[in-house]
Amino acid sequence: MERVYKFCQSCGMPLSKDEAGGGTNADGSKSIKYCSHCFEKGQFTLPEITVQGMKDRVKEKMAELGYSPIVAWFFTLNIPKLERWKKM
């Protein structure tokens with residue numbers, strides 16, 4: 001049985017909040033793991049980004065959306081545990 005992901009396995013964004021409905025695989029199908037901001041045509045949109053870089057990017061984006069720094073910090077705690085970063 002295929003696993004169902006609720007959050008992007010790169011940035012942690014709830015996949016239900018992705019305006020594009022998810023990233024795309026190389027064959028054009030929707031990715032079940034990654035959001036459209038992180039994954040496009042089977043490739044990561046920021047292949048060189050580090051875990052810390054992703055945490056900083058998410059905090060910046062959340063600040064733009066009006067979230068408090070504490071909420072943004074809390075939200076980024078799990079990023080290192082996501083599939084993209086587990087092997088690092």
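Laboratory data are not the source of any read-out in this text; all were calculated from the coordinates shown. Just so it is clear, the structure is predicted and the values come from calculations on it, not from any experiment. Quick reminder, even Gly has a Cβ in these numbers, built from the backbone with ideal geometry, and neighbours come from all protein chains shown.
Quick check on region 11-44: of everything there that is out of contact with any strand residue (DSSP E or B) (no Cβ under 7 Å at 6 or more places or on another chain) and among the hydroxyl-bearing types (Ser, Thr, Tyr), which residue is nearest to residue 87 (Cα to Cα)?
Ranking the qualifying residues of region 11-44, first place goes to 34.
Show the residue pairs meeting these rules: Cβ distance below 7 Å; 6+ apart or different chains; first residue within region 20-34 and over 14 Å from residue 6 (Cβ atoms); second residue among the hydroxyl-bearing types (Ser, Thr, Tyr).
As it stands, the answer is 20/36; 23/31; 23/34; 23/36; 24/31; 25/31; 30/24, since those pairs meet every condition given.
Looking at region 44-58, which of its residues are within 13 Å of the chain's Cα centre (by Cα) and outside any helix (DSSP H, G or I)?
44, 45, 46, 47, 49, 50
Scan region 59-78 and give yes if some residue there is closer than 18 Å to residue 6 by Cβ, assigned to a loop (DSSP other than H, G, I, E, B), out of contact with any helix residue (DSSP H, G or I) (no Cβ under 9 Å at 6 or more places or on another chain) and in contact (Cβ under 8 Å) with a residue 60 or more places away in the chain, otherwise no.
Checked region 59-78: at least one residue is closer than 18 Å to residue 6 by Cβ, assigned to a loop (DSSP other than H, G, I, E, B), out of contact with any helix residue (DSSP H, G or I) (no Cβ under 9 Å at 6 or more places or on another chain) and in contact (Cβ under 8 Å) with a residue 60 or more places away in the chain.
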